[in-house]
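I have placed the structure first, in the form of structure tokens, so that the comments after it can refer back to it.
The values are calculated or read from the model by the stated rules, or taken from the named source; none is laboratory data. As the structure is a computational prediction, the values presented were derived from the model and not from experiment. With ideal geometry, Cβ positions are generated from the backbone for all residues, glycine too; neighbour counts draw on all protein chains shown. These accessible areas exclude ligands, DNA and RNA; they are computed on the full protein's heavy atoms, side chains included. Shrake-Rupley method; radii C 1.70, N 1.55, O 1.52, S 1.80 Å.
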Amino acid sequence: MVLMNPVISKLTGKLVVLASASPRRLEILTNVGLRFEVVPSWFKETLDKRLFKTPHEYAVETAKQKALEVAKRMPFKHLKTPDIVIGADTVVVMDGLILEKPVDKQDAYRMLSRLSGKEHSVFTGVAIILCHEKEVIDFYEETKVKFADLSDDLLWEYINSGEPMDKAGGYGIQALGGMLVEYVHGDFLNVVGFPLNQFCKKLGLIFSPPGSLTHNSDEPQGTSDPAAPDLTSRGTMQMQNVRENETEDGKEKLSKMIELMDGFKASKVLFTASKLHVFDVLRSSKTGELQAEDVAQEIKASMKGTERLLEACVSLGLLQRTGKEYANTAMSRHFLLSDGPLSLQGYIQHCNELVWPLFTHLETAVREGTNQHEKAFGKSSDNLFQDAYYSRHEVKLRFMKAMHSIAKVSGRDVATAFDLSKYKTACDLGGCTGAMAYEFAKAHPGLSVTMFDLPEVIEMSGHFRPHDADDRVSFVAGDFFKDELPKADVYILARILHDWSDEKVHILLSKIAKACNPGCCVLVSEIFLDEDRKGPSRGLLQALSMTEGRQRSASEYSLLLKSHGFTTAQNQTLAPTTRH
Ligand SMILES: C[S@@+](CC[C@H](N)C(=O)[O-])C[C@H]1O[C@@H](n2cnc3c(N)ncnc32)[C@H](O)[C@@H]1O
């Protein structure tokens, strides 16, 4: 006979899913008349226990992840969305150590002999997902269990029965394992695997809101409701808190906030590991792997600091660790080795040495509406390039390396974005090291490319000349605001226009319009802001440290170009405009 719990009856007609393969949980819930489907979770119980302050937090999180996995999978794999998914995870805790299912008989023996003659705790974490409301309600129950003093003979007999193997802590209290137990304090079913009593109370809170509980029209007045004793105002408040904080949406927002708060730390870890050549050091070792102390020695840093840095790098996906050995990940091999073809080291160092100090003065920059070069570097920068980037040799080299690394990773895409086969000559205005010009030459066999930049840049461009340099690329020194521009069919403006005011952009475009061959085209490569200026954030963040320049949308660039007779040929992220 089934005693119909009024709370359980509220679930009639709902699709309830138990995200657990445990026959014991299935039995407990079936016995109280709950109708449900069993969809075992595919979530692997691999959460790092060290990340949890208490064992019950670990059990609750595991339960939640099990249930969420099923709730997310069902609409796609089973083509139905459940109303409720229930997840549970039971752990046995002895002296702060979480004992899960034994992996073999020896493991079972170790667990059971540890429990012998002592009291331990059994925690079950439970998560109830309300799929339509997108809410997660979770809780845990603790029960204390004391084992009798167990002889080895008894232990081995029990182990050889096979019962311990699929059970947390290596025993099942509902069967033979019951013989091992001296006493139980708390919910017995919690030890079996599901805290039924508290589960029903929670369902009561969910499905019978406070107002309706004091006077439940479905029930004769005076009928005691198992949920009622818990409905003190404190209980209700706690429930509301749980709902607000534990929804998927709330969690997403919180993790976004945390990501934003920690973003600067992650950047600085990348900058520091790069500056200390951690990625190069690991690559140069014979096996591609090193222990923290070897890395510390190589980079001449403290063991403690190095270890922390390496661990942080692992957490960010920059390194991987097997046992004590650290190695580069595919991503760091791709972008973080100094001599890699797509190395971003130049740009990373620029960010660390130049952009980072500017951003430490962001508050003043916002208050004053000015660039903070003087505050950060003790020198004003009326002309960004001459005063800030090119005033000292090493700063110029660093800036050029930064431009070079970005041009290397983006150059091919820019060069191949449009069909330029009908053009014979191109001029890369402000082409810096020539990296982009070489990409254009490589992509277009019929194209000769002139790289045009300030004299102080051209004099150093030899440092960056590729060993297989194409002789269709030539270099011309000059100031594009003052000097005559080389004649060409295609003008490349890659990351140039954003640095300048509309006034200066007009000067440059009018010079291009004057110099260009008939039917020429201008290829603009920039971060185009969305028309409503709500993104992309990469462009809007960059704007915060700009001097006289500004970020623009595609239509703003189009307008500027149109006023010099160029018509937008295509509306793409990269916009070539032609002049007829
Ligand atoms: C932001 S960098 C872009 C470099 C390159 N186009 C790229 O996409 O990697 C700007 C370039 O414009 C050059 N530049 C700045 N002012 C210039 C001027 N008045 N005349 C010529 N080149 C200039 C700088 O030297 C620098 O190489």
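For this structure, a couple of remarks:
Residues are listed down the side, and each one gets a yes or a no for (1) under 25 Å from ALA402 (Cα atoms); (2) open to solvent by less than 90 Å² (accessible area, probe 1.4 Å); (3) in a loop (DSSP other than H, G, I, E, B):
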site	(1), (2), (3)
LEU309	yes, yes, no
ARG321	no, no, no
SER332	yes, yes, no
LEU337	yes, yes, yes
GLY340	yes, yes, yes
SER343	yes, yes, yes
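- Within region 452-483, considering residues that are loosely packed, with under 15 Cβ neighbours inside 10 Å, more than 12 Å from the ligand (Cβ to nearest atom) and more than 42 Å from the chain's Cα centre (by Cα), the one modelled with the highest pLDDT: SER474
- Test result for ALA437, in the same structural domain as LYS514 (by TED's automatic domain parsing), part of a helix (DSSP H, G or I) and either near the ligand (Cβ under 10 Å from one of its atoms) or farther than 29 Å from PHE335 by Cβ (or both): yes
- The one condition in (1) open to solvent by less than 20 Å² (accessible area, probe 1.4 Å); (2) out of contact with any Ser or Thr (no Cβ under 6 Å at 6 or more places or on another chain) that LEU362 fails to fulfil: (1)
- Residue identified as at pLDDT 95 or above and under 34 Å from the mean Cα position of the chain (by Cα) among HIS506, HIS498: HIS498
- On inspection, GLU135 fails the criterion of being in contact with a strand residue (DSSP E or B) (Cβ under 7 Å, 6 or more places away or on another chain) and charged (D, E, K, R).
- Count of residues meeting criterion [more than 8 Å from the ligand (Cβ to nearest atom), of a type in the set (A, V, I, L, M) and either under 23 Å from TYR491 (Cα atoms) or assigned to a loop (DSSP other than H, G, I, E, B) (or both)] in region 392-413: 2
- Odd one out for ILE98 among (1) over 23 Å from PHE207 (Cα atoms); (2) assigned to a loop (DSSP other than H, G, I, E, B); (3) touching a helix residue (DSSP H, G or I) at 6+ places or on another chain (Cβ under 9 Å): (2)
- Note on region 375-391: residues that are assigned to a helix (DSSP H, G or I), away from the ligand (no atom under 16 Å from the Cβ) and either crowded, with 19+ Cβ neighbours inside 10 Å or over 35 Å from the mean Cα position of the chain (by Cα) (or both) total 1.
- One residue from MET237, MET303 being open to solvent by 40 Å² or more (accessible area, probe 1.4 Å), at pLDDT 75 or above, more than 23 Å from ARG333 (Cβ to Cβ) and not aromatic (Phe, Trp, Tyr): MET303
- Test result for SER558, within 22 Å of THR370 (Cβ to Cβ) and small (Gly, Ala, Ser): no
- Filtered by the rule that a residue be buried (at least 19 other Cβ atoms within 10 Å of the Cβ) and not β-branched (Val, Ile, Thr), region 521-544 gives CYS521, LEU523, SER525, GLU526, PHE528, LEU529.
- Condition met for LEU540 (within 12 Å of the ligand (Cβ to nearest atom) and at pLDDT 95 or above): no
- Filtering region 490-503 to residues that are within 9 Å of the ligand (Cβ to nearest atom) and either of a type in the set (Gly, Ala, Ser) or open to solvent by 10 Å² or more (accessible area, probe 1.4 Å) (or both) leaves ALA494, ARG495, ILE496, HIS498, ASP499, TRP500.
- Test result for GLY169, assigned to a helix (DSSP H, G or I), without any contact (Cβ under 8 Å) to a residue 12 or more places away in the chain and not β-branched (Val, Ile, Thr): no
- Checking each residue in region 414-434 for being within 9 Å of the ligand (Cβ to nearest atom) and modelled with pLDDT under 95 picks out only VAL414.
- Odd one out for VAL184, checked against (1) among the β-branched types (Val, Ile, Thr); (2) under 41 Å from the mean Cα position of the chain (by Cα); (3) open to solvent by 40 Å² or more (accessible area, probe 1.4 Å): (2)
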